[in-house]
Amino acid sequence: MNLRTRFVLISAGLMFVLATCMSIGAYRIASSQLENQVNSSLDQRASRILVIMSQPDFSWNDSFGPGPVNQAIMQTEVDAITQIVLPNGQIVGRREYPRLPITDRDRSLSIDGKRIHRSKTIIDRHSFRTLTVLADDGSLIQVAKDTQILINARNGMRLWFPIFAAIAVVVSALFGWLFARRISRPIEDLALVAETIAETQDLDSSIEVTGRDEVAQLATSFNTMLEALRGSVARQRQLVQDASHELRTPLTSLRANTELLERGTLSDADRTSILADMRAEVDELADLSAELSALAIDQKAAELAISIDLSELASEIAQRSSRRSGVTVSVHSTTNTVVTARPHQLERALSNLIDNAIKFTNDGSEIEVHVGAYRVEVRDKGIGISDSDKPHVFDRFYRAVATRSMPGSGLGLAIVSQFAADHNANAYVLDNAGGGAIVGLQFPIPAV
């Protein structure tokens, strides 16, 4: 059962329950109100006669004349009957109206006991509600009200309330279907696009977004995800292409050297030189493989970001690089050196900055690492970076013209750039005063 059908069934079911409850409630309230009106009318008529009877000069003889008793008893009512049963058994009432039955329960009324009796009776196929009251002189005051209008109203409600409830359910189901269709269509489009992408591996598809509701937000998020996937796939393809290109050179060199080793005329000095070249090529391949792995691994999923003191980390890396290269690497720190980052990714990026500075400083001059204000930058006094190369130094496999003869893969600063992108930081390159370059990372400044 799809979402649209479930929504229609739920909305129609809720409307059915609601309409049924409202119909039952309205039926009971209307019936109660009508019954109360009938009883109130009977009570008022009986009370009026009792008030007349309580007057000091009252006499039943007046009921046969033009007096107030006759007017109260004999007044014309199209849906009511009034009759008096005197203590001697005489019945007073209009001649054209039918006689009201006198039941045993009416005769059992007594002044010291129960003095009121309510009942129902059928007269000329009409249902009447009857009120019998025992007066102080022993007379029975009987008033009856035709309740056929009440019966007709109840019958009408029994007929029309279910019809109205059915109409409400149908209308609710119709609007529910239209509303569900409007909601489910983008979701169905989303599912169709997802299935198409899964089958064809084509990420160029997208969903048209209309409106600003939750479904539109879902479609927007899906398009954003597709855009991110397209970018990731494009980067992976470019990485594979660039890696294939970069691997071709050392592999070709290794093949050529192995072919030279197969010659039996090589001297020991030539063989030693070729083996040294091969070891260098293998080392270069190992470094390239490590750097490619660093770029390929999703560091966001591999480790969590924590608070790190840039000054402490820079000091550790500087000491390690100095021991390995013999070049002096000094660290200068100010305030605001704690940032939030993934530790291994940050260590690799900072190591690459320092190793690059050492590599391109031929005279062995001091390398300075400055930390502070949520920033770390490495300053060298080497060959520097030309203005034409600065926009491209963070690209993968990019090698400046002046450094293409030097060993390296061109991935060191690309790893730094990837770290910056993963941490909303900014990687930058500047000229150092007196020669050389400044390459650094500016971290986001925390909100106060």
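Regarding region 14-26, can at least one residue be identified that is surrounded by fewer than 14 Cβ atoms within 10 Å (Cβ to Cβ), within 30 Å of residue 189 (Cβ to Cβ) and not acidic (Asp, Glu)?
Within region 14-26 (the criterion being surrounded by fewer than 14 Cβ atoms within 10 Å (Cβ to Cβ), within 30 Å of residue 189 (Cβ to Cβ) and not acidic (Asp, Glu)), the answer is yes, since at least one residue qualifies.
Right, residue 52: in a helix (DSSP H, G or I), touching a helix residue (DSSP H, G or I) at 6+ places or on another chain (Cβ under 9 Å), at pLDDT below 85 and assigned by TED's automatic domain parsing to the domain that holds residue 115 or not?
So residue 52 passes the test.
Those residues that are of a type in the set (Ser, Thr, Tyr) and in contact (Cβ under 8 Å) with a residue 12 or more places away in the chain, I need them from region 181-197; list them, please.
The one that is of a type in the set (Ser, Thr, Tyr) and in contact (Cβ under 8 Å) with a residue 12 or more places away in the chain: 184.
From 203, 190, 218, which residue is of a type in the set (A, V, I, L, M), part of a loop (DSSP other than H, G, I, E, B) and either surrounded by 12 or more Cβ atoms within 10 Å (Cβ to Cβ) or out of contact with any Gly (no Cβ under 8 Å at 6 or more places or on another chain) (or both)?
Of the residues listed, the single one that is of a type in the set (A, V, I, L, M), part of a loop (DSSP other than H, G, I, E, B) and either surrounded by 12 or more Cβ atoms within 10 Å (Cβ to Cβ) or out of contact with any Gly (no Cβ under 8 Å at 6 or more places or on another chain) (or both) is 203.
Quickly run through region 350-381 and pick out the residues that are at pLDDT 90 or above and under 17 Å from residue 421 (Cα atoms).
350, 353, 374, 375, 376, 377
Which residue is modelled with the lowest pLDDT, if the candidates are limited to region 278-298 and must be more than 20 Å from residue 349 (Cα to Cα) and crowded, with 16+ Cβ neighbours inside 10 Å?
That would be 281.
Can you tell me which residue among 159, 174, 178 is out of contact with any strand residue (DSSP E or B) (no Cβ under 6 Å at 6 or more places or on another chain), within 30 Å of residue 213 (Cβ to Cβ), without any contact (Cβ under 8 Å) to a residue 40 or more places away in the chain and surrounded by fewer than 13 Cβ atoms within 10 Å (Cβ to Cβ)?
178
Taking only region 93-119 into account, find how many residues are touching a Lys or Arg at 6+ places or on another chain (Cβ under 6 Å) and either aromatic (Phe, Trp, Tyr) or not in a loop (DSSP other than H, G, I, E, B) (or both).
1
For every residue, the table says whether it meets (1) loosely packed, with under 14 Cβ neighbours inside 10 Å; (2) part of a helix (DSSP H, G or I); (3) touching a residue at least 24 places away in the same chain (Cβ under 8 Å).
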| position | (1), (2), (3) |
| --- | --- |
| 307 | yes, no, yes |
| 311 | no, yes, yes |
| 314 | no, yes, yes |
| 318 | no, yes, yes |
| 339 | no, no, yes |
| 346 | no, yes, yes |
| 361 | no, no, yes |
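Return only the number of the condition from (1) surrounded by fewer than 16 Cβ atoms within 10 Å (Cβ to Cβ); (2) hydrophobic (A, V, I, L, M, F, W, C); (3) without any contact (Cβ under 8 Å) to a residue 60 or more places away in the chain; (4) not assigned by TED's automatic domain parsing to the domain that holds residue 31 that residue 122 does not satisfy.
Of everything listed in (1) surrounded by fewer than 16 Cβ atoms within 10 Å (Cβ to Cβ); (2) hydrophobic (A, V, I, L, M, F, W, C); (3) without any contact (Cβ under 8 Å) to a residue 60 or more places away in the chain; (4) not assigned by TED's automatic domain parsing to the domain that holds residue 31, residue 122 misses just condition (4).
Just to be sure before I move on: is residue 86 buried (at least 16 other Cβ atoms within 10 Å of the Cβ) and in contact (Cβ under 8 Å) with a residue 12 or more places away in the chain in the structure I sent?
Considered against the rule, which asks whether it is buried (at least 16 other Cβ atoms within 10 Å of the Cβ) and in contact (Cβ under 8 Å) with a residue 12 or more places away in the chain, residue 86 comes out as no.
Among the candidates 230, 185, which residue alone is surrounded by 12 or more Cβ atoms within 10 Å (Cβ to Cβ), at pLDDT 80 or above and either touching a strand residue (DSSP E or B) at 6+ places or on another chain (Cβ under 9 Å) or not aliphatic (A, V, I, L, M) (or both)?
Being surrounded by 12 or more Cβ atoms within 10 Å (Cβ to Cβ), at pLDDT 80 or above and either touching a strand residue (DSSP E or B) at 6+ places or on another chain (Cβ under 9 Å) or not aliphatic (A, V, I, L, M) (or both) holds for just one of 230, 185, which is 230.
Assuming residue 168 fulfils every condition listed in (1) in a loop (DSSP other than H, G, I, E, B); (2) at pLDDT 80 or above apart from one, which condition is it?
(1)
The values are calculated or read from the model by the stated rules, or taken from the named source; none is laboratory data. All values reported here derive from a predicted model rather than from experimental measurement. Neighbour counts run over all protein chains shown; Cβ positions are idealised from the backbone, glycine included.
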